[in-house]
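Student: Quick one: structure below, then a few questions.
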Amino acid sequence: MHDTAIEMAKRLLVDSIWKSANLEGLGTTFPKTEAILANAPTETKSEEVLFVINMKRAWQFLLDNLDSPNNIMLLREYNKVVGELLFRNNGEIRTFPVQIGGTSWEPELPNSAVIIADLQEIDSIDDIELKALKFFCFVARTQMFIDGNKRVAQLIANKILIENDIGIFQIPIEKLEQFKILLIGFYETADDTAIIDFMKESCIKKVWKA
């Protein structure tokens, strides 16, 4: 019996969305995420509902477009979907400064030509798992969008793992604090060694192959 990464992604969709919501500090529970996706009544905030519904649509878009090139247009499309009704300028490259919670480090203004070149370079990496994690790091730290950058980073990492039938990318709830500390360290130093080691160990859920 051979599980495929696409089947795994569909089966663990609620789990992935729940984990993404917790990474963003929404604190949505798994049953609540499930209820929102099933359109069942549940006590929740409109922001949580929008987050969950948008992530479901983003995942659907991801799975429907696995043959799309890993470029700036695809990332903009992901951001457009995750940001629907949640933040302005969704899908647009950021043109003004942003601040990151938990650090005084500020990302520089994104330059589309530099981003395009950097994405091409990352896409040429042969080691698929490393490529997926490098994409995650690049998108998270470049902060090319006004909001939703970590969501887009998770989506592109997942796309690369799924299209190569490796598995899916998720940040485990019980390791969220450790991940956030590593992420801040990476933001401040631009050294991705520690966070990539952590993600390789803890964030890639591989398909079972008989």
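Student: Given labels modelled 7 Å from the Cα in the Cβ direction, how far is it in nm from residue 64 to residue 29?
Tutor: Between residue 64 and residue 29, the label points sit 3.3 nm apart.
Student: Now a separate question. In whole angstrom, how long is each semi-axis of the equivalent ellipsoid of the stretch 99-164, when you take the square root of 5 times every eigenvalue of its Cα gyration tensor and sort them from largest down?
Tutor: Each semi-axis is the square root of five times an eigenvalue, giving 22, 14, 10 Å.
Student: Give the Debye-formula value of log10 I(q)/I(0) at each listed q (0.14, 0.16, 0.23, 0.24 Å⁻¹), with one equal scatterer per alpha carbon of the stretch 46-122, two decimals each.
Tutor: One equal scatterer on each Cα of the stretch 46-122 leads to -0.58, -0.75, -1.17, -1.18.
Student: Would you calculate the volume per residue, in Å³, of the smallest convex hull containing every Cα atom of the chain?
Tutor: In the chain, the Cα convex hull volume per residue is 124 Å³.
Student: Set Lys and Arg Cβ to +1 and Asp and Glu Cβ to -1, take the dipole of the chain about its Cα centre, and tell me which of 9, 153, 137 lies farthest positive.
Tutor: 9
Student: Contact order normalised by length for the chain, with contacts defined as Cα pairs under 8 Å and 6 or more residues apart; what percent is it?
Tutor: Once divided by the residue count of the chain, the mean separation gives 25 percent.
Student: In the structure shown, do any of 159/180; 131/200; 131/206; 32/180; 19/205 have a Cα-Cα gap over 18 Å, and if so which?
Tutor: Check vs 18 Å cut-off fails for 159/180; 32/180.
Student: Determine the dipole magnitude for the stretch 5-206: charges of +1 sit on the beta-carbon of Lys and Arg, -1 on that of Asp and Glu, nothing else is charged, the reference point is the Cα centre, and the result goes in debye to the nearest 20. Display every interim value, and only then the final one.
Tutor: Details: 22 positive and 30 negative charges, 109 e Å.
The calculated dipole for the stretch 5-206 is roughly 520 debye.
Student: With a Förster radius of 45 Å, plug the Cβ-Cβ distance of residue 85 and residue 181 into 1/(1 + (r/R0)^6) and report the FRET value to the nearest 0.05.
Tutor: Between residue 85 and residue 181 the formula returns 0.90.
Student: Return the loop-located chymotrypsin sites (Phe, Trp or Tyr not before Pro) in the stretch 175-210 (DSSP other than H, G, I, E, B) with at most 15 other Cβ atoms within 10 Å of their own Cβ; answer none if there are none.
Tutor: Working: sites: 179, 186, 187, 198, 208; in loops: 208.
Qualifying residues, ordered by number: 208.
Student: What's the extension gain from residue 208 to residue 190 if we count 0.36 nm per residue and subtract their Cα-Cα distance?
Tutor: Residue separation times 0.36 nm, minus the Cα-Cα distance, leaves 3.1 nm.
Read the figures in this text as sums done on the coordinates, not as results from a lab. What you see is a predicted model, and the numbers here were worked out from it, not measured in a lab. With ideal geometry, Cβ positions are generated from the backbone for all residues, glycine too; neighbour counts draw on all protein chains shown.
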